[in-house]
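Remarks on the structure that follows.
Readers should treat all values here as calculations from the given coordinates under stated rules, not as data from a laboratory. Please read all numbers here as calculations on a predicted model, not as lab measurements. Glycine gets a Cβ as well: all are built from the backbone with ideal geometry, and neighbour counts include every protein chain shown.
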Amino acid sequence: MRKLLVMVLLTLILVPLASIALAQDHSAAPAPAADAQPAAPANNNSVVIWKALGAALAIGISALATAWAQSRIGSSAAGAMAEKPEIGGVMIVLEALPETIIILGFVIAIMIVGMK
């Protein structure tokens, strides 16, 4: 129970950091004069770093959640199949269901990295 509490707290602390990568700059730049030279492009390294961190968190947290769910389902499935071997097919399906969590984590990571 303590490990679950720690994981939930870490999730609540670290996941909002991904929103920093999605934040927009709302500062208004003054209009350039007609004879002014164009300014050099701003350094976007910090945006790239936050996007990478957000994508890593999306994949990492979903991978941990998938591993935790599969460990619980796998041990329960082994015990259930020891008593009733005919439910093996159902247990294989139940073991594959948590994989959707990591697939969605990959999709979210691709969406974060692909944003402009």
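Quick grid of which residues meet (1) under 20 Å from MET7 (Cα atoms); (2) part of a helix (DSSP H, G or I); (3) not β-branched (Val, Ile, Thr):
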{"residue": "ALA65", "(1), (2), (3)": "yes, yes, yes"}
{"residue": "ALA77", "(1), (2), (3)": "no, yes, yes"}
{"residue": "GLU86", "(1), (2), (3)": "no, yes, yes"}
{"residue": "VAL90", "(1), (2), (3)": "no, yes, no"}
{"residue": "GLU95", "(1), (2), (3)": "no, yes, yes"}
{"residue": "LYS116", "(1), (2), (3)": "no, no, yes"}
Filtering segment 82-98 down to residues that are surrounded by 13 or more Cβ atoms within 10 Å (Cβ to Cβ) and farther than 29 Å from LEU57 by Cβ yields ILE87, VAL90, MET91
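Let's see how each residue does on (1) under 30 Å from ASN45 (Cα atoms); (2) loosely packed, with under 12 Cβ neighbours inside 10 Å:
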residue: ILE73; (1), (2): no, no
residue: ALA80; (1), (2): no, no
residue: THR100; (1), (2): no, yes
residue: VAL113; (1), (2): yes, no
